[in-house]
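**Q** Structure below; questions to follow.
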Amino acid sequence: MNRYVLDSEVQEYIKNHLNDDVHKLAMSKSPFKQVDSKDLANQIAAKNKSAKKLPTWYKTDSIYYPALLSIEQCSSETTAAYKAGLAIGDSLIDLTGGFGVDSYYFAKAVKTLTHCEINADLSEITAHNYSVLQQPNIQCLAEDGLALLANTDETFDTIYVDPARRSTVGKVFMLKDCTPNVVEHLDLLLNKSKRIIIKTAPLLDITAGLKELGNVSEVHIVSVKNECKELLWVIDSNKSVQEPKIVAVTLNESQKEFVFLKGEEETEAELLSATPSGYLYEPDTALLKSGAFNLIATRFGLKKLHHQTQLYVSEHIDSSFPGRIFKINQMISASDLKKEKTLKANVIVRNYRDKAENLVKKYKIKPDHHKFLIFTQGANDGYLIIDAEIVQHY
């Protein structure tokens with residue numbers, strides 16, 4: 001950590017050059033003796049990256065930013081605030097602290113927080129930022145969190161860990177392919193806490209994760225603007241679980257949750273036998289990740305278009321639905337679509353014989369904010385083209 005970056009003149013320079021080309025800036029001569037141009041470029045790039053993702057950091061003076069990769073990999077404030085609601089008790093240890101966004105929000109929910117980060121430079125940066133952000137109940141330790149836990153007699157109410165994908169593997173679908181290996185050290189974690197919260201990438205298979213960990217109390221599938229951001233696995237050390245609770249949560253303008261017990265998703269849904277009319281429902285990606293395709297229909301009183309198409313129809317609007325809702329205007333045939341000279345619509349393809357980009361080119365469709373053409377398949381009518389307009393966004 002180069003503390004000369006925090007000098008008032010350097011900070012003012014960073015503020016005044018946020019719109020500069022950082023690549024050119026990195027190659028140019030720095031106006032400061034103690035801060036090189038690459039450091040300046042990184043501070044500007046990382047601060048800009050934080051504008052929407054970390055607005056509290058962005059708006060606070062004298063924040064020191066680490067390498068850009070740390071900003072790209074850290075949680076957003078939106079998801080960190082949600083995670084804070086899962087902590088229990090007075091004390092929490094974050095075993096893989098990183099830039100510390102999650103710890104910052106956890107610290108608002110507990111009395112004492114221990115932030116462990118094996119990278120000493122990143123630990124120093126994070127400690128400085130907590131001071132600037134006036135969050136005094138966090139102790140930053142430049143240590144391996146798992147090793148610290150193994151060598152202390154102290155216990156914590158909550159342990160939080162965010163295992164990283166090992167560089168030797170590709171896409172990760174199993175916890176054993178991450179480091180630290182929480183499966184291997186699960187007994188230690190359970191002996192040192194009342195609750196464990198594990199964050200993983202959304203690619204991780206839920207059924208496989210439940211088998212690996214065993215006795216999971218809850219799985220939270222967190223989505224922001226229809227992008228699945230993370231899976232959160234909650235294990236309570238003193239609780240025996242028959243069926244874990246699955247929570248698909250969407251964090252948009254308002255928070256919506258779809259909650260069920262594992263096993264409840266194994267139900268039947270009614271298929272639509274008539275021509276689609278009324279309103280078409282498209283579930284958020286968090287619901288789709290949950291696998292509760294038929295339970296969605298049952299809970300909201302919807303009918304599925306096709307047993308392999310996760311689109312649903314109702315004559316009524318239910319604004320509590322986590323996902324988009326469209327007003328169905330009409331069905332259009334492919335031949336009628338060809339006759340249209342000025343087509344404007346967004347294209348959605350679900351279980352159709354062609355890709356969206358090909359259909360856009362084929363029918364010369366220009367984008368539109370409100371109108372949609374939905375290419376899909378019905379249970380009885382075969383391939384369908386639905387002319388619709390959006391009435392509820394994510």
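**Q** Give the angle, between 0 and 90 degrees and rounded to the nearest 10, that separates the Cα long axis of helix 120-132 from the longest principal axis of the Cα atoms of the chain.
**A** Once rounded, one gets 80 degrees.
**Q** Please list, in order along the stretch 254-262, the HN-Hα scalar couplings obtained from phi with the Karplus expression 6.51 cos²θ - 1.76 cosθ + 1.60 (θ = phi - 60°), rounded to whole Hz, x for Gly and Pro.
**A** 10, 8, 10, 10, 10, 10, 7, 8, 3
**Q** Mind running the shape call on the chain? Use the C-alpha gyration tensor, a ≥ b ≥ c as the square roots of the eigenvalues: rounded below 1.5 for a/c, prolate if a/b tops b/c, oblate otherwise.
**A** Working: a/c = 2.64, a/b = 1.42, b/c = 1.85.
Oblate shape, in that a/c is at least 1.5 and b/c is the bigger or equal ratio.
**Q** Here is a follow-up. From the square roots a ≥ b ≥ c of the eigenvalues of the alpha-carbon gyration tensor of the stretch 279-392, which class results: rounded (a/c under 1.5), prolate (a/b over b/c), or oblate?
**A** On the way: a/c = 1.92, a/b = 1.67, b/c = 1.15.
Here the stretch 279-392 falls in the prolate category.
**Q** Still on this structure, please answer the following. Could you check which residue among 382, 323, 291 shows the biggest mean-square fluctuation in a GNM of the chain with a 10 Å Cα cutoff?
**A** Looking only at 382, 323, 291, the largest GNM fluctuation is found for 382.
**Q** Add +1 for every Lys or Arg and -1 for every Asp or Glu among the other residues with Cβ under 13 Å from the Cβ of residue 152, and state the total. Don't jump to the answer; show the numbers that get you there.
**A** On the way: positive: 192; negative: 143, 144, 153, 154.
Charge balance in the 13 Å sphere: -3.
**Q** Answer rounded, prolate or oblate for the stretch 1-75, using the Cα gyration tensor with square roots of eigenvalues a ≥ b ≥ c: rounded when a/c is under 1.5, else prolate when a/b is larger than b/c, else oblate. Write out the running numbers ahead of the final one.
**A** Working: a/c = 1.67, a/b = 1.41, b/c = 1.19.
Prolate, since a/c reaches 1.5 and a/b exceeds b/c.
**Q** Once amide H atoms are placed 1.01 Å from N in the peptide plane, what residues at a sequence separation of 5 or more from residue 384, or on another chain, have their amide H within under 5 Å of its amide H?
**A** Here the answer is 376, 377, 378, since their amide H atoms fall under 5 Å of that of residue 384.
**Q** Considering only DSSP beta bridges with both partners in the chain, what is the antiparallel share in %, to the nearest 5? Intermediate values should be presented prior to the final figure.
**A** Numbers: 47 of 75 bridges.
Just about 65 percent of them are antiparallel.
**Q** If the reach is capped at under 28 angstrom between alpha carbons, list the lysines near residue 29, excluding any in the same chain fewer than eight residues apart.
**A** Here the lysines satisfying the reach criterion relative to residue 29 are 15, 38, 47, 49, 59.
**Q** Looking only at 252, 151, 294, which one moves most when the chain is put into a Gaussian network model with springs between Cα atoms under 10 Å?
**A** 151
**Q** A further question on this structure: Give a quick list of trypsin sites (Lys or Arg not before Pro) in the stretch 19-111 that DSSP marks as loop, anything other than H, G, I, E or B, with at most 10 other Cβ atoms within 10 Å. Working shown, then result.
**A** Numbers: sites: 24, 29, 33, 38, 47, 49, 52, 53, 59, 83, 108, 111; in loops: 29, 33, 108, 111.
Those satisfying the criteria are 29, 33.
**Q** Which order do 350, 195 fall in if you start with the one that has the fewest other Cβ atoms within 10 Å? The partial results should precede the final answer.
**A** Details: 350 17, 195 23.
Taking fewest neighbouring Cβ atoms as first place, the list is 350, 195.
**Q** Let me ask something else. Where is the GNM fluctuation largest for the chain (alpha-carbon springs, 10 angstrom cutoff): 31, 66, 202?
**A** The residue that fluctuates most here is 31.
**Q** Determine the distance separating the Cα centre of the stretch 21-44 from the Cα centre of the stretch 226-241; give it in Å without decimals.
**A** Cα centroid to Cα centroid, the span is 42 Å.
None of the figures in this text is laboratory data; all of them are computed from the coordinates on show. Predicted model, so just to flag it, every value in this text is computed and none were measured. Glycine also receives a Cβ, built like all others from the backbone with ideal geometry; neighbour counts cover every protein chain displayed.
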